[in-house]
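First the structure, in the form of C-alpha cells, and then the observations on it.
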Amino acid sequence: MNRPTFDVVVIGGGAAGLMAAMRAGQRGRRVLLLDHAEKVGKKILISGGGRCNFTNTGAAPERFISANPHFCKSALARYTQHDFIALVDKHGIAWHEKTLGQLFCDGSARQIVAMLLAECAAVSVDVRVAHRVTNIERSDRFRVTTDQGAFEATAVVLATGGLSIPKMGASGFAHDWARRFGLKMTQTRPGLVPLTLKAPELAPELAGVSLDVVARCGKTSFREAMLFTHRGLSGPAVLQISSYWHPGEQISIDLLPGVDAAQFLKERHHARPKAERRTLLAEAMPQRAAQFFETVKPEQLNDWRIAPTGTEGYAKAEVTVGGIDTAGLSSQTMAARAVPGLFAIGEAVDVTGWLGGYNFQWAWSSGWAAGEAL
Ligand code: FDA
C-alpha cells in the first residue's frame, strides 16, 4: 500500500494544531494536518461571538489551571500574547481591546482562520479535512490510518482539543490515544460553564437579570457580571469561578462589591424610615434582584452562599478542565517523555485558561512550543 511520508502528522486542525503545523512547516518540516470536520478552526470561528477573543494582554501563568501550575510557564514565555498580536498585525487584521485585556477582531474570527491557513499554505502544510483517523501505530515511525488512506511520519501531534461542545465535533480522541500510548490523564470536568441551582437559591423569575458581583470559591475570586438563568447562574463571574468549583463545594457571592451591605441599609433606612427594604436595595442593584434578596440578612448580601447542584455540562462548557497529565510531557516541547515522537498540545492537555482569550493563548503557545521541536 502506498503510504505518503511526512515528517509530522498533526491530528486536529484547531487553534493549537494550526499553530504547530505552521511553525513546523516554517522550520522546513513536511507537515500533514488532518481534521475529521469538513473545515478547520470551527471553534475559532464561533469564538467571541464570531469576533474571536484571540488573546489577553494579561496572559500569565497564574491565569491557567493545571495540576502542575508551573507546566505552562515555559511555553507561555516563549510564545507570548505579543508574538500573536504581531502575527495578527502582520496580516493587517484590525483588533480592539474590549475589557480586562481581552483582544477581539474588529471584523470577524474568519480572519484568524484565514491568517493561520495562509501561514500554513506559505510553508506547504498539507491540510486535509474530512479524514477520520482510525488507528495510530508506532514502530520505528508512526503510521496514521484514516478512512481515506494511511500516512507515515516520524512525529504525531495530538491536537484534537477537549470534550466541550460535542455537537461541534469535540471528541475524546486525544485523551483516548494518549492513554493508549501510556500517558496518564487527570480528572476532566466542564469549565467556563453555567452552574445549576435548586430552590431556594434558584430564581428563574430573575432570568436575564445581570449584576456586578464578586464570586469566590476557596481562595479564588472574580469581580465581573453575574447573570441569572432559568436553571441557575451564568455570566463571566460565574463562568470563571465554575472552573475552580468541585461538586459539593459552596460558592460565596458578594452581591454588593465594595459596599458594606449592613451599613448601607442602615444609612438608607435612617434617611427613609418608611421605605421598604427592596426599595432601598434597588438603589444598589437591579430592582428585580432587590425584590428577590430583600429577605436575605443584610450581612449575607456580601456573602450569599450557594451550593450549586451541578453545571450545564460539556454541551454548554467553553472548555474542559483537566486532560492529558502534564507529568508525562516536556514543558519545553510538549513531547511525551516516554513515547519518542508523540506530542500533545492545546486544550487536550491539563492546562485550562481563564475566560477572556487565555485558552487561545495556550493553544498558540503550546502549538508553537511543539512546532519548534518537531
Ligand atoms: P480545538 O477544539 O480548537 O480544535 C480541535 C480540532 O480537532 C477541531 O478542528 C476538531 O474538528 C478536530 N478533531 C476533534 N476530534 C477529532 C478526531 N477524532 N479526529 C480528527 N480531528 C478531530 N477561547 C478563547 O481564548 N477565546 C474565546 O473567545 C473563546 N470562545 C469560545 C467560544 C465557545 C463557544 C467555545 C466552545 C470555546 C471558546 N474558547 C475561547 C475556547 C477555545 O475555543 C478552545 O480552548 C481552543 O479552541 C482549543 O484549541 P485546540 O486547538 O486545543 O482545540
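The values are calculated or read from the model by the stated rules, or taken from the named source; none is laboratory data. This is a predicted model, so every value here is computed, not measured. So basically every Cβ, Gly included, is an ideal-geometry build from the backbone, and we count neighbours across all protein chains shown. Accessible surface is based on the protein model in full, side chains and every heavy atom, while ligands, DNA and RNA are left aside. Shrake-Rupley method; radii C 1.70, N 1.55, O 1.52, S 1.80 Å.
Scan segment 205-217 residue by residue and report those that are surrounded by 13 or more Cβ atoms within 10 Å (Cβ to Cβ) and either on the phi > 0 side of the Ramachandran plot or of a type outside the set (A, V, I, L, M) (or both). Within segment 205-217, SER210, ASP212, ARG216, CYS217 qualify.
Would you list the helices (runs of 4 or more DSSP H) that sit entirely within segment 275-374 and hold 2 or more residues that are within 13 Å of the ligand (Cβ to nearest atom) and in contact with a helix residue (DSSP H, G or I) (Cβ under 6 Å, 6 or more places away or on another chain)? Don't jump to the end; show me each part of the working.
Details: elements: 277-281, 287-293, 358-373.
The helices (runs of 4 or more DSSP H) meeting that bar are 358-373.
With respect to the stated conditions, SER171 is more than 21 Å from ARG288 (Cα to Cα), open to solvent by 20 Å² or more (accessible area, probe 1.4 Å) and of a type in the set (S, T, N, Q). Scanning segment 236-273 for residues that are assigned to a loop (DSSP other than H, G, I, E, B) and of a type in the set (Phe, Trp, Tyr) returns TYR244, TRP245. Residues that are over 21 Å from the mean Cα position of the chain (by Cα) and in contact (Cβ under 8 Å) with a residue 40 or more places away in the chain within segment 107-121 comprise GLY107, LEU117, GLU119, CYS120, listed in sequence order.
Those residues that are free of Cβ contacts under 8 Å to residues at least 40 places away in the same chain and either touching a strand residue (DSSP E or B) at 6+ places or on another chain (Cβ under 8 Å) or not hydrophobic (A, V, I, L, M, F, W, C) (or both), I need them from segment 181-200; list them, please. Steps first, please.
The initial filter retains those residues of segment 181-200 that are free of Cβ contacts under 8 Å to residues at least 40 places away in the same chain, namely 199-200.
Within segment 181-200, just PRO200 meets the criteria.
Please verify whether SER74 is of a type in the set (S, T, N, Q), at pLDDT 95 or above and away from the ligand (no atom under 14 Å from the Cβ), treating the condition exactly as stated. Yes: the conditions hold for SER74. Filtering segment 131-147 to residues that are within 13 Å of the ligand (Cβ to nearest atom) and under 24 Å from PRO340 (Cβ atoms) leaves VAL133, THR134, ASN135, ILE136, VAL144, THR145, THR146. For segment 153-173, taking the residues that are among the hydrophobic types (A, V, I, L, M, F, W, C) and either more than 10 Å from the ligand (Cβ to nearest atom) or modelled with pLDDT of 95 or more (or both), the one that is farthest from THR5 (Cα to Cα) is identified as LEU163. ALA150 fulfils the conditions (1) surrounded by fewer than 17 Cβ atoms within 10 Å (Cβ to Cβ); (2) farther than 19 Å from GLY341 by Cβ; (3) among the aliphatic types (A, V, I, L, M) except for a single criterion, (2). Of the residues examined, THR55 is one that is within 24 Å of GLY322 (Cβ to Cβ), within 12 Å of the ligand (Cβ to nearest atom) and either of a type in the set (D, E, K, R) or out of contact with any Pro (no Cβ under 9 Å at 6 or more places or on another chain) (or both). Within the span defined as segment 75-97, one or more residues are among the charged types (D, E, K, R), in contact (Cβ under 8 Å) with a residue 24 or more places away in the chain, surrounded by 13 or more Cβ atoms within 10 Å (Cβ to Cβ) and within 29 Å of VAL9 (Cβ to Cβ).
Considering each of PRO61, PRO4, PRO69 in turn, give the residue that is in contact with a Cys (Cβ under 8 Å, 6 or more places away or on another chain) and away from the ligand (no atom under 14 Å from the Cβ).
Working: PRO4 fails: in contact with a Cys (Cβ under 8 Å, 6 or more places away or on another chain); PRO69 fails: in contact with a Cys (Cβ under 8 Å, 6 or more places away or on another chain).
After ruling out the rest, the residue left standing is PRO61.
Here PHE104 fulfils each of the conditions (1) within 14 Å of the ligand (Cβ to nearest atom); (2) assigned to a loop (DSSP other than H, G, I, E, B); (3) within 19 Å of the chain's Cα centre (by Cα) apart from (2). Note on segment 39-78: residues that are hydroxyl-bearing (Ser, Thr, Tyr) and at positive phi total 0. Filtered by the rule that a residue be crowded, with 23+ Cβ neighbours inside 10 Å and more than 10 Å from the ligand (Cβ to nearest atom), segment 7-28 gives VAL8, VAL9, ALA21, MET22, ARG23, ALA24, GLY25.
Suppose we filter segment 174-201 for residues that are at pLDDT below 95 and open to solvent by less than 60 Å² (accessible area, probe 1.4 Å); how many remain? Quick ask: steps written out before the conclusion?
Filtering segment 174-201 for residues at pLDDT below 95 gives 199-201.
Remaining after also requiring open to solvent by less than 60 Å² (accessible area, probe 1.4 Å): 201.
The number of residues fulfilling the criteria is 1.
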